[in-house]
Amino acid sequence: MKNTSAQAVHLSDYTPPAFLIDQVALTFRLHPTATRVLSKIAFRPNPAATDRRFFLHGEQLRLIGARINGAPVSPEITDTGLTCAVPDGPFTWEAEVEIAPEENTALEGLYMSNGMYCTQCEAEGFRKITFYPDRPDVMAPFDVRIEGAAPVLLSNGNPEARGEGWAEWHDPWPKPAYLFALVAGDLVSKSDVFTTASGKNVMLNIWVRPGDEDKCAYALDALKRSMVWDEQVYGREYDLDVFNIVAVDDFNMGAMENKGLNIFNSKYVLASPETATDDDFARIEAIIAHEYFHNWTGNRITCRDWFQLCLKEGLTVFRDQQFSGDMRSHAVKRIEDVLMLRARQFREDNGPLAHPVRPERYVEINNFYTATVYEKGAELIGMLKRLVGDDGYARALDLYFERHDGDAATIEDWLKVFEDATGRDLSQFKRWYSQSGTPRLTFTDDFNDGRYTLHFKQETPPTPSQPEKAPQVIPIAVGLLNPNGDEVLPTTMLEMTEAEQSFSFEGLSTRPVPSLLRGFSAPVIVQRDTTAEERAFLLAHDTDPFNKWEAGRTLAKDVLMRMVADGAAPGPAYLDALRAMAGDDALDPAFRALALRLPSEDDMAQSLFDSGITPDPLAIHAACEKLKTAVARHLSDLLPRLHDAMACPGPYAPDARNAGRRALRQAALGYLSRLDGGALAAARYAEADNMTDQLGALSCLLEIGEGAAEVAGFFRQWSADRLVMDKWFALQAGLAAPHKAASVARSLTEHPDFDWKNPNRFRAVIGALATNAAGFHDPSGASYDLVADWLIRLDAINPQTAARMSTAFETWARYDADRQALMRGALERIAARDGLSRDMGEMVGRMLG
Ligand code: 0A1
Ligand code: ZN
């Protein structure tokens, strides 16, 4: 295996840049295989620098010529960049390089997607466009001229001038190179004008391929709502004359916040009722908002270095979560966010890839765009807000924007504004940024003479290179209920700072039932043995919607644990509680739909492992199937009523209310399919007039091993729509029965429409197989082999996406010796490949330990 330690970058090695830039001018002469990039950069020595060496990053560039102050120079070029003797004071650097966008399959730098030129520069892609100090603390205003035959030529900032075959753009806001963007192609736009709070008109354009213009309305509306929201909630206005969004089919990630020119994976822009589901609409709304919010948290204030990534990502995720909550339902949004945090971040934190929210070392920064940096990063902002209160948070944010506008900032800067605005000492809180792993919170309680005491203990298990953990500040939102169900203590925030700490409440007449960690007030795992009765009580009476849902969830997990461990049949406590909740019309349908969803099989595997049981994915799958059937039977009279009552008459609308009703109807249909062999689902499939219903009905059929005719019909209907076909591929790989999953996925990879170079399509098959827990962990190892084969193949052309998907194997240590050997074997086979990318080398190296 490769030794990757030599190339690691360390936070502690940070030094300021040797040179700063006053102005950048770029000219692009576009050509698929021979694009010329001319740069003219005004450098000046950085007075704060300790190192005076002139170094420009540059990879896969052919230097045609370079000049300093107009005189030709011959720089020394390596694989990673160039050096050159430079004058003592300010000087002008000019270079001409040649690149081949059509050959760029890594989708980093300048590349082509369906004949269109586009860029992706975060984190370090700009160095594949021209020689440049490609680091976020070097910020400059950019002038860009694009020469090319395409009808639409876009870059950052405001349009300056254009003519036949050329366009010029000026971005007045100094920015790091990772926010640079260029797009050129045959595009059409859906446009609108937004008037900011201070009365400035901004032109909004969503650019798509001809034929897709009728799928932009929702994204455009979400953009306008995001702009209003950021003005109203954070006092942040947009700062250019235009805001462009472009939808691109081939994209490694979800979207990118380039200044004034956001580039999106088309999946997160294009939507119509016929082609997109309710979940797609919600994700589009969230991602449009996320990228827009980056304009202030990421662009106007950027990161000093890539170790500070959570500074922009954690905060921007937190902001987009707040926005979605305001647009929809806070309770439902919180539950969904916690589900996602547990599924992705807790999984990461409990395995070999665990790292702090602010990592201290990386080999390839692209490997650190993780659930820990993003989602746990957002949880830290939520905890800060809980600790300092809403007013303190608002004051701190105002100070952050005032003090750091135009800066490349650090987590220290971020915490300092909270300290200065609120007078709080956050030195202990800072541990959340540097300690990896998920704290376990255990507690006991006692009741004497009207005094109720909660005794907490916190402990964070060892994680890679962090054997010992110091206690962290844990905000614990607690409420107390009387045995009759009344709330005797409304939500109160306890601040735990010690390894063990007790909190008392006086003057209670009876021993209360505690509702702890309300709203999921900290990203911890609460471990407590409690009775099914207490959980059922909280499920019935808790006034905190998150904990009401959580009570049902823990009941379901307990039931499943027992079913897996000793084949026990599900007891009535859970089934009755579920029935009461599902049938309670006072509750939001979206909430009830979530309550009817069982814990995922991967979540069960982690929980079993945490309680000392080696998980058997097939046994977990069998238990989940059995429980679904038991729920269906227990609720057999309620389900048809629910299904019918939740119909949404009239034309499809993607709003939260209708989406919630459809979600509950879908949950009912899923259970009903286990009773009627899929008859109702087949009928619903046949009459569906929107993708939510069509895909929902199809998934009900596939889950019970039916639906072959519908799968074929779906293909005939949608084979021309790339995004809908991704769903067709993903559903089959994701829902295939355990013993068939590898062969289903393999035959999907042999399908003529399996365009494996397109990241969305690759994820639709290989990613979906990896999330089909029982299918992926089939004891034959066939799925491990298939995934490893494809990761090796993809790594050769697109290291970033291949490396991200290698996390399929991060859970190997949970399983039995045979599966461990097979999973490690797959990783070792990947690691042994010649020419393995730095991205993949680091990931498999960390996973193998
Ligand atoms: N900054 C973007 C997502 C993004 C991250 C990394 C990328 O390449 C390594 C590309 C895009 C966001 O948070 O939306
Ligand atoms: Zn982001």
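Mind checking which aspartates and glutamates have their Cα closer than 14 Å to the Cα of K200? Skip sequence neighbours fewer than 8 apart in that chain.
Within the straight-line cut-off, K200 pairs with D192, E231, E237, D239, D241.
Which lysines does K628 reach when only Cα atoms under 27 Å apart count, and residues fewer than 8 places away in its own chain are ignored?
K333, K548, K557, K727, K740
Normalise the Debye intensity by I(0) for the stretch 682-780, one equal point scatterer per Cα, no solvent, then take log10 at q = 0.18, 0.20 Å⁻¹ and round to two decimals.
-0.80, -0.98
In terms of Cα to Cα distance under 17 Å, which lysines are near enough to K385, apart from those fewer than 8 places away along the same chain?
Qualifying lysines at Cα under 17 Å: K312, K376, K416, K430.
Can you divide the C-alpha Rg of the stretch 535-596 by 2.2 N^0.38 Å and report the result to two decimal places? Intermediate values should be presented prior to the final figure.
Values: Rg = 11.7 Å, N = 62, 2.2 N^0.38 = 10.6 Å.
For the stretch 535-596, the normalised Cα radius of gyration is 1.11.
So what J values fall out for the stretch 173-179 if you push phi through Karplus, 6.51 cos²θ - 1.76 cosθ + 1.60 with θ = phi - 60°, rounded to Hz, Gly and Pro as x?
8, x, 9, x, 5, 5, 9
For the stretch 593-715, what size does the Cα cloud have along each of its three principal axes, sorted from largest down, in whole Å?
The Cα atoms of the stretch 593-715 stretch 52, 32, 27 Å along their principal axes.
Sorted by average packing, counted as other Cβ atoms within 10 angstrom per residue and highest first, what order do 683-691, 574-582 take?
Those peptides, ordered most packed to least, come out 574-582, 683-691.
As an exercise, identify the GluC sites (Glu not before Pro) in the stretch 462-505 lying in DSSP coil whose Cβ has no more than 15 other Cβ atoms within 10 Å.
E468, E498
Please label the shape of the stretch 1-78 as rounded, prolate or oblate, based on the square roots a ≥ b ≥ c of the eigenvalues of the alpha-carbon gyration tensor (a/c under 1.5 means rounded; beyond that, a/b larger than b/c means prolate, else oblate).
Oblate, since a/c reaches 1.5 and b/c is not below a/b.
Would the stretch 510-569 count as rounded, prolate or oblate if I go by the C-alpha gyration tensor, calling it rounded below 1.5 in a/c and otherwise prolate when a/b exceeds b/c, oblate otherwise?
Numbers: a/c = 2.05, a/b = 1.56, b/c = 1.31.
The shape class here is prolate.
How would W549, W812 line up from fewest to most surrounding beta-carbon atoms within 10 angstrom?
Fewest-to-most ranking of W549, W812: W812, W549.
Restricting to DSSP H runs of at least four residues, report the calculated mean residue ellipticity at 222 nm for the chain, -39500 (n - 2.57) per run over all residues, nearest 500 deg cm²/dmol.
It lands at -12000 deg cm²/dmol.
Any read-out appearing in this document is the output of simple, stated calculations on the displayed coordinates, not a laboratory observation. Since the model is a prediction, treat every value here as computed from it, not as a measurement. Every residue, glycine among them, receives a Cβ derived from its backbone with ideal geometry; neighbour counts consider all protein chains shown.
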